[in-house]
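Worksheet: one structure, shown below.
Here, each number is a calculation from the coordinates, and none is a lab measurement. Worth saying up front: this structure is predicted, and the values here are computed from it rather than measured. Positions of Cβ are generated from backbone atoms using ideal geometry, with glycine treated the same way; all protein chains shown enter the neighbour counts.
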Amino acid sequence: MDQTILDALLIVHFAGLMMGAGGGIGSTIVMGYARSLPEEQAIIVRGAGPALARLSTFGLVLMLVTGGALVQFRYGGFGAMPQMFWVKLVFVATLTLAAILIEVTYAQVKKGNAAAAANLPRLGPVAGISALLAVVFAALAFH
Amino acid sequence: MDSALVILHVLALMLGSAGGFAAMLTLGHARPKQKEKGGAMRGVGRVFSTMSLMGILVLWPTGIALVATHPDEYPLNPMFWMKMGFAIVLTTTTVSIEVIYARAKQEPDLARLLPSLKPLAALSYIVTAVFSVLAFGRFA
C-alpha cells in the first residue's frame, strides 16, 4: 500500500490515542475534582464528564479502525504479529469494554438513574490502566 | 533501555495531550462568563494545564535521548525540524497557560487569552505528532 496512506493511518491512530487519553483521563479527573466541590459547583464541573467520555470513545473507535488497517496493510495481517501484540490486544479489549460501560453509565444517568454514577469511579481507572498497559505492550511489540 | 525510553515518551504524550485536549473540551463546555471570570471550571482547567506541562517536561528529555542514541532511526530531516518547530510552539503555549493560571488572581485580564491558547496547544500536539510520523515513519 502507498506509504502516504500508511502514514495517514498512523497519524489518525495517534490522534485517536491523544483523544482517547484526553477524554479518559480528563473524565476521571473531572469526576474526582467535582467530589471536592460544593454541590452547586460540582454540578457544573460534572457536566463536562459526558463530553469527555464521548471524546474518549471517539478516539478509541479511531484507534480500533486504523489499528486494524495498519495490521493488515503495514504488517501483512494478524498472523504476522508478535506475542506482545496479542498482550496489547487483551488490554485494548478491557479498555473498549470499560469505554462502552462508561458510555452506558452516562446514558443511564441522563435518563435519571443518578445511582448509576457510582460505577464511574471504578470504570475510569480500569480504562486508564488498560490504556497505559496497551501503550506499554504496543511499544514492546513494535520496537 | 530503548523500549523504556519509547514507552516513557509515548506515556508522556498521553499525559500531555490528555491535559491539552481535556482543557480545550472543558473550556468549550464552560459558560462564556466562566471562561474569563473563573469559577468552578477554572480549578479543573489548572489541573489539566499542569498535566500538559508535566507531559512536555518528560517528552523533551526522552525525545532528545531517542534522537541522540539512535541517529540512524531518527534522522534530522526537514520533517524533523518541522516537528521541532511545533514542539516549541506547544511548549511555549503550555508554559504561557501555566503562567496565566499562576497570575490569574493578580492579573485577571490575562485569563482572556485562555480561549485562544488552549485550542492552540491541543492543535500543536496533533501537528507535532503528524510531523513525527512524516519524519520517522512512526511516532517514536
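Things to note:
- The distance between label points at B:Met79 and A:Leu6 comes to 1.1 nm (points 7 Å beyond Cα on the Cα→Cβ vector).
- What the phi angles of region B:60-69 give under the Karplus curve with 6.51, -1.76 and 1.60, with θ = phi - 60°, is a coupling list of 4, x, 5, x, 5, 4, 5, 5, 5, 8 Hz, glycine and proline written as x.
- Per-residue [θ]222 nm for chain A (sum of -39500 (n - 2.57) over DSSP H runs n ≥ 4, rounded to 500): -29000 deg cm²/dmol
- Placed amide H near A:His143: partners under 5 Å, 5+ positions off or other chain: none
- Each residue of region A:39-54 was assigned a 3J(HN,Hα) from its phi angle through the Karplus expression (A = 6.51, B = -1.76, C = 1.60, θ = phi - 60°), giving 4, 5, 7, 4, 4, 5, 5, 4, x, 7, x, x, 5, 5, 5, 5 Hz with x at Gly and Pro.
- Averaged over peptide A:25-31, the number of partner chain Cβ atoms lying within 10 Å of each residue's Cβ comes to 6.
- Förster radius 35 Å - calculated FRET efficiency between B:Ala65 and A:Lys111, Cβ distance, rounded to 0.05: 0.10
- Placing a pseudo-label 7 Å from each Cα along the Cα-to-Cβ vector at B:Val99 and A:His143 gives an inter-label distance of 3.2 nm.
- When only Cα pairs below 8 angstrom with a gap of at least 6 residues are kept, chain B shows a relative contact order of 33 percent.
- Rg/Rh for the protein assembly as shown stands at 0.98; both radii use Cα atoms, and Rh follows the Kirkwood definition.
- Helix B:78-103 axis, angle to chain B major axis (alpha carbon atoms, nearest 10°): 30
- Highest mean first, the peptides B:12-25, A:126-139 sorted by other C-beta atoms within 10 Å per residue fall in the order B:12-25, A:126-139.
- Near-label residues of region B:1-20 by backbone N, under 16 Å of a point 7 Å along Cα→Cβ of B:Met54: B:8-20
- Loop-located trypsin sites (Lys or Arg not before Pro) in region A:39-143, at most 13 other Cβ atoms within 10 Å (DSSP): A:Lys111
- The value of relative contact order for chain A, using C-alpha pairs under 8 Å at least six residues apart, is 28 percent.
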